[in-house]
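Everything on this sheet refers to the single structure shown next.
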Amino acid sequence: MRIGMPLGYAGGFIEVVDRLRDFEEVGLDLVYLPEAYTFDAVSQLGFLAARTTTVRLATNILNVYSRTPALLAMTAAGLDYVSGGRFVLGLGASGPQVVEGFHGLPYTAPLGRTREVVEICRMVWAREPLRYAGRHFRLPLDREGGGSGLGRPLKLVNEPVRPEIPIVLAALGVKSVEQTAEIADGWAPMFYLPEAAPAAFAPALERGLAKRAPSRGPLEILAATTLLISEDPEEIGRGEQVVRRQLALYVGGMGAKGKNFYTDLVATYGFSEAATEIQALFLAGRRADAEAAVPHELIASLSLIGPVDHVRRRLAAFARHGVTDLNVTPVARSHRDRVRDVAAVVEAASEMTITRLN
């Protein structure tokens, strides 16, 4: 199992990068950078490429609306070039709040659009002349599609470092998980509870994997968790509060009643009553009570927080239930302790045998 880490998008980026080399030295494999309505991830990943040597660099995520498929492919090829073949293209549909609210684009057909973007990106990296007739993209754009008729099927001028760059899709809905299992190199789920998630997502994964081209190879699973190695009850409580706050926000507030995937997911994991209560409290404006309603068992199952033996057992559970890449957010108080914790899980993960779901 490989260990990665997210970088924040809200200020202090250059200082964080200066400290990233310490994590790289202890074997961190992957760094990923979100992009919402923030500084763009691409320019910052270019900066990261110049300041690192071995760690892989990923977007998590670039949405499939605000850049054309060809620009996404060009950007990925450029980042792969400046990083010496270390780039991973993380894509996702995002949501109407960002796509319509910030970019002013209609949030339509996320599944179909994602599929076409992936297909076009791979054509660009293969340096094929771009001839594509999809429901959402027509290349070249002809008169029938509203163009001038002067477009020509161009191919990428540069020779990419790699003819195919790994594509990871962020997916949680049934149809999007199925499509991800079919077409992507990796799947990035949120709130992956090792003992319950494989069964919760099994039907969608199985349908997608049945249509997967053998040449794609096994589907990688990139899960995320929170990391804190400590025997101090107060410190453990502080770390668990980080997870509790995030769960309350997503289960309680990321969607309306009856239309919140995170509420449904936690219910599927066996916490139905708690999920309903968290959402009701959060939507009623009782955020602190919503946080208090998050079960400790759920927090402990989703995170790597506690004494080293407990952390190793939970790490093994992630490996045993299909996770190939575990992206950890270290929350120890000091930089030294965060590096220590990451070093410990990197060493432990190197001994783990992954049981693939496919």
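Per residue, the chain reaches -14000 deg cm²/dmol at 222 nm when only DSSP H runs of four or more residues are counted, each adding -39500 (n - 2.57). Positive-end ranking of THR114, ILE167, HIS136 along the dipole of the stretch 93-183, with charges on Cβ about the Cα centre, is headed by HIS136. Note: relative contact order over the stretch 1-68, using C-alpha pairs below 8 Å and six or more positions apart, is 36 percent. If only the Cβ of Lys and Arg carry +1 and only the Cβ of Asp and Glu carry -1, the dipole of the chain around its Cα centre is close to 1140 debye.
The separation of the stretch 1-77 from the stretch 341-358, counted between C-alpha centres, amounts to 22 Å. What shape does the stretch 104-198 take by its C-alpha gyration tensor, where a ≥ b ≥ c are the square roots of the eigenvalues and a/c under 1.5 counts as rounded, a/b above b/c as prolate, and the rest as oblate? Cα axes put the stretch 104-198 in the oblate bin.
Based on Cα contacts under 8 Å between residues 6+ apart, the stretch 179-227 shows a relative contact order of 62 percent.
Electrostatic tally near ALA202: other residues with Cβ closer than 14 Å to its Cβ, Lys and Arg +1, Asp and Glu -1, net -1. For the stretch 191-263, applying the loop criterion from DSSP together with a ceiling of 12 other beta carbons within 10 Å to the trypsin sites (Lys or Arg not before Pro) yields LYS211, LYS257. When you count the other C-beta atoms within 10 angstrom of each residue and take the mean per peptide, 68-74, 38-44 line up highest first as 68-74, 38-44.
Between the residues TYR269, GLY258, LEU227, the greatest Cα displacement towards the positive end of the dipole of the stretch 221-273, with unit charges on the Cβ of Lys, Arg, Asp and Glu, is found for GLY258.
If you take the alpha carbon radius of gyration of the stretch 206-249 and divide it by 2.2 N^0.38 Å, what ratio comes out, to two decimals?
On the way: Rg = 18.3 Å, N = 44, 2.2 N^0.38 = 9.3 Å.
After normalising by residue count via 2.2 N^0.38 Å, the value is 1.97.
Computed over the stretch 122-241, relative contact order equals 19 percent, with contacts defined as Cα pairs under 8 Å that lie 6+ residues apart.
Taking only protein heavy atoms and a 1.4 Å probe, the accessible area of the chain is 55% carbon and sulfur.
Sorting 140-146, 95-101, 294-300, 61-67 by average packing, meaning the other beta carbons within 10 Å per residue, from highest down gives 61-67, 294-300, 95-101, 140-146. Using heavy atoms of the protein chains and a probe of 1.4 Å, the accessible area assigned to ASP29 is about 40 Å². For the stretch 195-329, the spread of Cα coordinates along the three principal axes comes to 49, 39, 20 Å, biggest extent given first.
The values are calculated or read from the model by the stated rules, or taken from the named source; none is laboratory data. Quick caveat: nothing in here was measured; it's all calculated off a predicted structure. Cβ sites come from the backbone with ideal geometry, for glycine too, and all protein chains shown count toward neighbours. Each accessible area value is taken on the protein alone, full model and side chains, heavy atoms only, with ligands, DNA and RNA left out. Shrake-Rupley method; radii C 1.70, N 1.55, O 1.52, S 1.80 Å.
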